[in-house]
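Trainee: Structure provided below as structure tokens; questions to follow.
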């Protein structure tokens, strides 16, 4: 290897490796979120999780390798250019093409490895991942079924089980509601049951003994059917649209086909006039997938050209400029690549062209910029470091306006200003240290208080300690969401207060440092924490809150309920009575689409069923039913209801107590809650309280940024008074924020404020105050 090649290698390799590790880690976190349920529930063994992780990795590497190569070239060559080493090479007679030769050589090695992953390894890994996930889903589908709760883990089915064996294989006294056919709802009761699994065919069914089945038509409920059985089997859909019969085969996705199979399907099996639209669409997707696998490895060609042209073409730019241009180029490439695939998949452009759009456009841009840079350096750029200073100004006047535009210079200055400094890492290290200690302390305190709260119930109801431990695991995400903003505020106050007390802030000011620039890494960290809270709310909290709510009911021996699907809420009443409804309005004490099932579990029989489109519980405890029917099975009778009053032992407080602790919105993602609100509006309900909770899903994570503004001001202003004073200030601010937030939330729930204003008002008030205080800092 020549010395010049060693120089380039030592410049490019470190940023390439570092970017590759960081980018792979970030994308991995996003991909592993898909399998978070297996991780959270601890249903999958360590070997299974490692196998899934290994199967995911090739799909990540085919993107992270070329993109990391581009950023590595830009940062490495940008550093050499900023140190005038590229200029020295040009002055020594080395053409720019000599740099391109080594960069292309390195890029070829990256491209070959990417091609092996894209064409050979990734398809097999995707197919393997799909198989192992299917097998795990079948093998562990029933492992988190619990007794005394309503289980909704299977699509279109709800289970209530009174008792089960320790291995969860044998069940007793089962209530099953099957809504797989929207026009015909079926209720099944059985004395005992067992699970029958067939992982090889991705199939599971429940075997029921000694029971009865009740089928009711939505359009003609008076013509219902009931049957009794000694034994029967019911196939169960594990996931939506998952085959349940052993004869069905899983359809492979394009990403799971071998490359040779895609090639044969693309060239060997041309569609004819008799091909269905589905077959034509599948072939289109396969052609797009074939070109995607080929286009990704060859992206190193435009990346090599762009990397050299952008890094060398902007002298004195430095590594920060290279990093900024790398991010911009990566974003442009990804947008072109993703949109090209999307347009090709829907038939807007040729499937042979779509995945290549990004490569073609960036290659043309790279060739143009490379030729322009080569021409510039070949003329007179080497003279900028000589003693002939007079030639500098004419050169800049002639060529600077063409390439080094004002916008590019401004971007470079901004990137250099915001580029990480040693002081930034010093500030971040202190804030993160105190943040972790604060978060651990807050989380531990919450968990200990919860343990003391539930200890009497654990002893009284003979609850195993493992169940209490499981509850703590699933309760922790809720604690983290609430504790992160306060812990961050506390960390900022303590860290800046200590810096102020030790006169380090004074030293920074004396050295010409700006406190506003000093606050930049804190704001960056607050944005990161805000994103983290939102991701926890979306991907972890809905599942964890549903699980911890069921476990808490089990520990406290409360009536079973479920709110995982708001459209089908189930709650166990007194005397073996089950309530099912779509929505309960706590303010009006009214229901939408109420169903009441009175059951004799000992004999596995349904005694009576009541249905009403609307129902209301009066202050005197009388239930008023509208537009429904009443079906008695013992004795046999049917009665239509237009407006009728009946008495049931459960009152409004029973449903309010069970429903709104904890709030149901935390068990749903933003999109799920938004869809449900639209559903309620079509049913004639405003659901204002849920609208407030919907907007809070976006507003609450921003509280970290608000705490940053407040923490920075108070950290600088009260630093001389010590850390304990900062702790008191942080507690006061957090309590004020939560108090104001609760007040505005109540105003929004009662319709005094618009839901969006009620959710964002605390952020607006505290944010405006924090910004005003921040701008008054003396720097």
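Trainee: Send over the per residue convex hull volume for the stretch 422-550, Cα only, as a whole number of Å³. Spell out each step's value before the answer.
Mentor: Details: hull volume 13.3 nm³, N = 129.
Value for the stretch 422-550: 103 Å³ per residue.
Trainee: Grab the beta carbon distance between residue 647 and residue 215, set R0 = 30 Å, and tell me the FRET efficiency rounded to 0.05. Provide the component values of the computation, followed by the final result.
Mentor: Working: r = 29 Å, r/R0 = 0.95.
In this case the efficiency is close to 0.55.
Trainee: In Å, what is the Rg of the alpha-carbon atoms in the stretch 487-547, and how long is Dmax?
Mentor: Radius of gyration, then largest Cα-Cα span, for the stretch 487-547: 17.0, 55 Å.
Trainee: Calculate, axis by axis, the spread of Cα positions in the stretch 523-648 along the three principal axes, and write the results as whole Å, longest axis first.
Mentor: Extents along the principal axes: 68, 33, 23 Å.
Trainee: On to the next question. Based on the Cβ-Cβ distance of residue 607 and residue 453, what FRET efficiency does E = 1/(1 + (r/R0)^6) give at R0 = 56 Å, to the nearest 0.05?
Mentor: Values: r = 38 Å, r/R0 = 0.68.
For residue 607 and residue 453, the calculated efficiency is 0.90.
Trainee: Could you work out the pair-distance distribution P(r) of the stretch 150-236 from its alpha-carbon pairs, with 10 angstrom bin width and percents rounded to whole numbers?
Mentor: 16, 49, 29, 5, 0
Trainee: Then there's this: Expressed in nm to one decimal, what extension gain is obtained for the pair residue 575 and residue 25 from 0.36 nm per residue of sequence separation less their Cα-Cα distance? Write out the running numbers ahead of the final one.
Mentor: Working: separation 550, 0.36 × 550 = 198.00 nm, distance 5.36 nm.
Extending this stretch completely gives an extra 192.6 nm.
Trainee: In whole Å, how far is the Cα centre of the stretch 466-487 from that of the stretch 337-369?
Mentor: First find each Cα centre; the distance between them is then 46 Å.
Trainee: Moving on to the next point. Grab the beta carbon distance between residue 731 and residue 267, set R0 = 56 Å, and tell me the FRET efficiency rounded to 0.05. Walk me through the numbers on the way to the answer.
Mentor: Values: r = 70 Å, r/R0 = 1.24.
Calculated value: 0.20.
Trainee: While we're looking at this one, here's another question. Along the Cα→Cβ direction, 7 angstrom out, place labels at residue 6 and residue 113. What is the inter-label distance in nm?
Mentor: Output for this residue pair reads 2.2 nm.
Any read-out appearing in this document is the output of simple, stated calculations on the displayed coordinates, not a laboratory observation. Quick caveat, the model's predicted, so the values are computed rather than measured. With ideal geometry, Cβ positions are generated from the backbone for all residues, glycine too; neighbour counts draw on all protein chains shown.
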